[in-house]
Every structure is written in C-alpha cells, then in structure tokens.
Amino acid sequence: MAAEPDCLLKSVNSSASDPHQSVKIQPGPVKTHEKAVTSKSTDSARYQREHPPGESGRVLKPVNSRPSCPELTAPVKPGSGKVQQKTTTSSESARKKWTLEDFDIGRPLGKGKFGNVYLAREKSTKYVVALKVLFKSQLQKAGVEHQLRREIEIQSHLRHPNILRLFGYFHDKSRVYLILEFAPKGELYKELTKNTRFDEKQTASYIHQLTSALLYCHSKKVIHRDIKPENLLLGNNGELKIADFGWSVHAPSSRRATLCGTLDYLPPEMIEGKLHDEKVDIWSLGVLCYEFLVGKPPFEAETNTDTYRRITKVDLQFPTYVSNSAQNLISQLLRHDPKQRISLDRVLKHHWVKDNVIIS
Ligand code: AK3
C-alpha cells in the first residue's frame, strides 16, 4: 500500500498553513572557516554524481562577512518572475515554498541510511543551513513515512538552544529535504572517538545541556527515544545540540517500530516492548553519561542477546577512574524501574553536576 510519491507528507503539507510552521530562517552566523565549500572539492564532485546535471551541484561562493540577514519568511522569492507563484488560497497562507533551486549546495556533512546531509546556503539571504536529503523510495520501503511526518511536526515546534532547529522542508519527485540548523563543530561521537573519553568537567557540561533540552521536550510531552552520540551535534561554541527526532513520539507510548540498530541505549521497558514514557530518555542519559566518561556504553556485549541480558539485569560495572559521585548519578539514572529513576530536575541539582559544570 505504497503512497504515491507526491502524496507523501500530504498531511504535513496541509498543516503548513499553521503560522507556527511557516518556514523561517533566522539570522545566524555565516562562518568564514567554512571555506571548504568555496573550492571545487571532491566532495562537491561526489554530490554532483548523485544528482542530475543542471539540478544543482553548484559550489558556494566565499562569504567573508555576514550579510545583514533579515528574518526570512519570504512569501515570494525576491526578484523572480519565473517562480511558479501559486495563487494563495485560504488554506494555504502566503508562505515560501522552498525548492532545491533556492540553495547552493556544498560539501557533504554526513551519510545516513536514507540519504546524506549537505552544507547548503539559501541563495537570497546567504543563510547557511544543513540540508538533509531523504529518498522517498527508501522511506517507503522501510515504511517510515509516518515517522518522518511526526519528526517534522514535532521538531519544527521546538525552540531550545540545545535542540537543533528544523526550519522547514520540501520535496520533489524522488526526495524529501529537511532544512536544518547547521552545527559547525559537527558530530559529537567523532569528538568522543578522537578523545577516547571525556573528562568529568566536559561530561558534566554535556549532561547539563542534555538534561535542560530533555526537560524542555518532556514539558511538551515529547520523548526523543533515540538519544545516542550519533544524534548529538556541536554548535559553534561547542554547545550540544540534540538532533534527529525520527524516533520521537508523544508520551505515553507503546509504539514499537522495528528496533533496528544498536540496543545499547534502549531501556529495559522498551526492549521488553512495554508501555513507556519520558523516563526512557532518562535511562539513555545514564548510558550517555557512562559512555562519555568511559568511552563505551555500559552494557556493550558481543551479541544483541548478551546486550539484552545485561540491560534487563542492569549489569553495571565502573572502571575505578570514574569518581564516586559520577557513579552515584549514573546508578540513579540507570534504574530498571522507570519510576525509581532520578528526575531531570534532580539531575541538575546533583552534586556531581553542580561541582563540575563551570557555567550553567
Ligand atoms: C553538521 N552534521 C527520519 C527518518 C529516517 C546539521 C532520517 C551538521 C547535521 C550535521 C533525520 C535529522 C539531523 C537532524 C542531523 C543532520 F523517516 N535531523 S538528521 C552531520 N554535521 N549540522 N545537521 N546532520 C524517519 F524514519 F523518520 C531517516 C530521519 N530524520 O535524519 N533527521
């Protein structure tokens, strides 16, 4: 029962007349250190191979100073008579309909199962964004269109300094594009791999930022359910940004889409397929805190079966270099019974967090 490609995201499209969902690109720093995109690199060549010639594949021009960048709600693209300007109906407010033509495409920032993410720049404002490309055929094959719709609905309403912004989306015959805030310092897991592990101050700072973002999500009854290093990005000042709400839902949920990928970050109640709520993110916070300090997640094992066993038993062991107060916090996050887990409010007040976070 595959949806017709162009009908994909229809329900999201129709809710786009909601003023809160209008595509808005707010002023943000255009960094000169992103010069990488100014040269015709192999990266841009790689992009061109994936796309029909003439559609895109241009390289960004140097940006040395940030242009004055008015808030862009752009009902009509500036100076273009050729734009297919649809007459607006009552259900369709005069909002910008983005197309690939509105962006210069730069280097790839990352690769994913459903498509890659590219550095991009909106032509009229020169606003730098990340453009995630998802192939409709692959989304349909995996049966995850509803998840993408939900992600767009959820993430476009969230405003928090530690949550990556979703500015908008558009689609063409074969792809869906997410217009995302660009996180200049990239993926946190790369930083972790490079450093093997983080010290307690750095970890506490990340845990503080994550906790504050999760408090915000949970206040809106949104649970992320997929908090892991691969979904954490770093802003220009090294601040943490939660990304990829593809698995998020409104609490409570018993939703159990096929669990693919690693079990490492999933709490007992989710791998056991039980009803779960926002406490799943508190468990993941404990797994992350451990991984930041130790360099690998706490229940890692050779096989999925062994990981499953270690999670359900909460088989938790600490290397001696982990301080007692960090062990104390992690043990309170990783409780089998969701109700016994420490609350996010209390995480912020925990002595290990308070003693190690420099600025909060
Ligand atoms: C810098 N990188 C949903 C589904 C399937 C910004 C995917 C940088 C980056 C950056 C998503 C995402 C993402 C944000 C981060 C993109 F259908 N939101 S990915 C790497 N470096 N700056 N962004 N990367 C579905 F199941 F729901 C597949 C998604 N969703 O990927 N969302």
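The set of residues in the range 296-308 that are surrounded by fewer than 16 Cβ atoms within 10 Å (Cβ to Cβ) and either within 17 Å of Ser205 (Cβ to Cβ) or among the hydroxyl-bearing types (Ser, Thr, Tyr) (or both) comprises Thr303, Thr305.
Give the number of residues within the range 278-311 that are out of contact with any Lys or Arg (no Cβ under 9 Å at 6 or more places or on another chain) and charged (D, E, K, R). Summing the residues that are out of contact with any Lys or Arg (no Cβ under 9 Å at 6 or more places or on another chain) and charged (D, E, K, R) in the range 278-311 gives 4.
Give all pairs with beta carbons closer than 6 Å in which a residue from the range 219-243 that is surrounded by fewer than 23 Cβ atoms within 10 Å (Cβ to Cβ) meets a residue that is part of a strand (DSSP E or B) and among the charged types (D, E, K, R); count only pairs at least 6 apart in sequence or on separate chains. Here the result reads Gly235/Lys241, each pair linking the range 219-243 to a residue that is part of a strand (DSSP E or B) and among the charged types (D, E, K, R).
Pairing each residue of the range 100-114 that is under 17 Å from Gly186 (Cα atoms) with any residue that is within 10 Å of the ligand (Cβ to nearest atom) and of a type in the set (S, T, N, Q), provided the two are 6+ apart or on different chains, yields C-beta distances under 6 Å for Pro108/Asn116. Among the residues of the range 135-158, what is the count of those that are within 14 Å of the chain's Cα centre (by Cα) and either of a type in the set (Asp, Glu) or within 8 Å of the ligand (Cβ to nearest atom) (or both)? Matching residues across the range 135-158 total 6.
Put simply, of Lys136, Lys126 the only residue that is closer than 22 Å to Lys185 by Cα and out of contact with any Gly (no Cβ under 9 Å at 6 or more places or on another chain) is Lys126. In the range 137-152, the residues that are over 16 Å from Val249 (Cα atoms) form Cβ pairs under 8 Å with partners that are within 9 Å of the ligand (Cβ to nearest atom), at six or more places apart or across chains, as follows: Gln138/Lys113; Gln138/Phe114; Gln138/Gly115; Leu139/Phe114; Leu139/Glu145; Leu139/Leu148; Leu139/Val176; Ala142/Phe114. Identify all residues within the range 163-189 that are more than 9 Å from the ligand (Cβ to nearest atom), surrounded by fewer than 20 Cβ atoms within 10 Å (Cβ to Cβ) and within 16 Å of the chain's Cα centre (by Cα); write none if there are none. Hit for the range 163-189 is Tyr189, nothing else.
Which one of the conditions (1) closer than 18 Å to Lys241 by Cβ; (2) part of a strand (DSSP E or B) does Val176 fail to meet, given that it meets all the rest? Every listed condition holds for Val176 apart from (1).
Within the range 190-211, the set of residues being more than 21 Å from Arg107 (Cα to Cα) and either charged (D, E, K, R) or within 15 Å of the ligand (Cβ to nearest atom) (or both) comprises Leu192, Thr193, Lys194, Arg197, Asp199, Glu200, Lys201. Quick check on Val347: is it out of contact with any strand residue (DSSP E or B) (no Cβ under 8 Å at 6 or more places or on another chain) and farther than 19 Å from Cys217 by Cα? In short, no.
Each value in this text was obtained by applying a stated rule to the coordinates, not by laboratory testing. Note that the structure is a prediction, hence the values are computed from the model and not measured. Virtual Cβ from ideal backbone geometry, glycine too; neighbours counted across all protein chains shown.
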